[in-house]
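Following: one structure in structure tokens, then a few remarks.
What follows is calculated from the coordinates using simple rules that are stated; it is not laboratory data. Only a predicted model underlies this, so the values are computations on that prediction, with no experimental measurement involved. Cβ placement follows ideal geometry from the backbone for every residue including glycine, while neighbour counts extend to all protein chains displayed.
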Amino acid sequence: MERLGRRLPPLRPATERTRGDVPGWVLITLMSAILVAGLLAIAGPALERLFNQAMDQVVP
């Protein structure tokens, strides 16, 4: 355990303020939302047809 402690870099003090990578996470979230919306726009009609066909085959 002592050797592991020597390999790790020292931790920053808790008083030091860091922003992190907020713009990066915002960009990733935005790009993911755009990708999902694009895929839904392209595949939406096919998925709707598939759902409707499956519901038509259900016997009450």
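Which residues, counting only those in region 26-60, are touching a helix residue (DSSP H, G or I) at 6+ places or on another chain (Cβ under 9 Å) and among the polar types (S, T, N, Q)?
Of all residues in region 26-60, those touching a helix residue (DSSP H, G or I) at 6+ places or on another chain (Cβ under 9 Å) come to 40, 47.
If the condition is that a residue be touching a helix residue (DSSP H, G or I) at 6+ places or on another chain (Cβ under 9 Å) and among the polar types (S, T, N, Q), then no residue fits.
Provide a single number: the residues in region 21-30 that are of a type outside the set (Ser, Thr, Tyr), part of a helix (DSSP H, G or I) and surrounded by 10 or more Cβ atoms within 10 Å (Cβ to Cβ).
Step one: filter region 21-30 for residues of a type outside the set (Ser, Thr, Tyr), giving 21-28, 30.
Restricting the remaining residues to those that are part of a helix (DSSP H, G or I) gives 22-28, 30.
Among the residues that remain, those that are also surrounded by 10 or more Cβ atoms within 10 Å (Cβ to Cβ) are: 25-28, 30.
The qualifying residues number 5.
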